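Okay, so here's the structure we're looking at.
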Amino acid sequence: MNTPDEIHNDVTARALTLHWAAGRTQRIAHSRLREACPCAFCKRIRLAGGVPTAAPGLTLTRIEPMGYGVQLAFSDGHERGIYPWSWLEALGQD
Ligand SMILES: [Zn+2]
């Protein structure tokens, strides 16, 4: 399993930066992380044909290490999503 060497939450730019091995850097916007939230609640919205929407100015407020990934809490109060490293890596770049 790939695990980033370091993660950095840039609140000003509203982006999460993951530093992977060999100097590879991945940057993901907070809004996209929120809209891609993998929790059961957001999955149900997607299955119903909707999209979990990120409020304007939404930020990532807390990162809880979960071993195989991180639990992310957002400024809209949503904090159910657990984002595995491999899943984050597959999200690609903003
Ligand atoms: Zn969610």
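Bear in mind that the values in this text are calculations on the coordinates, not laboratory data. Keep in mind that what you see is a predicted model, and the values were worked out from it rather than measured. Ideal geometry is used to build each Cβ from the backbone, glycine not excepted, and the neighbour counts take in all protein chains shown.
Worth a mention:
- Listed peptides 31-43, 5-17 by packing density, highest first (mean Cβ within 10 Å): 31-43, 5-17
- Sites MET66 and ASN9, calculated FRET efficiency, Cβ-Cβ separation with R0 22 Å, nearest 0.05: 0.90
- Average Cα contact separation per residue, the chain, under 8 Å, 6 or more apart, as relative contact order %: 24 percent
- Once both labels are positioned 7 Å from their Cα atoms along Cα-to-Cβ, the gap between LEU91 and LYS43 label points is 1.7 nm.
- Here, segment 6-90 is characterised by an Rg to Rh ratio of 0.96, where Rg is the alpha-carbon radius of gyration and Rh the Kirkwood radius.
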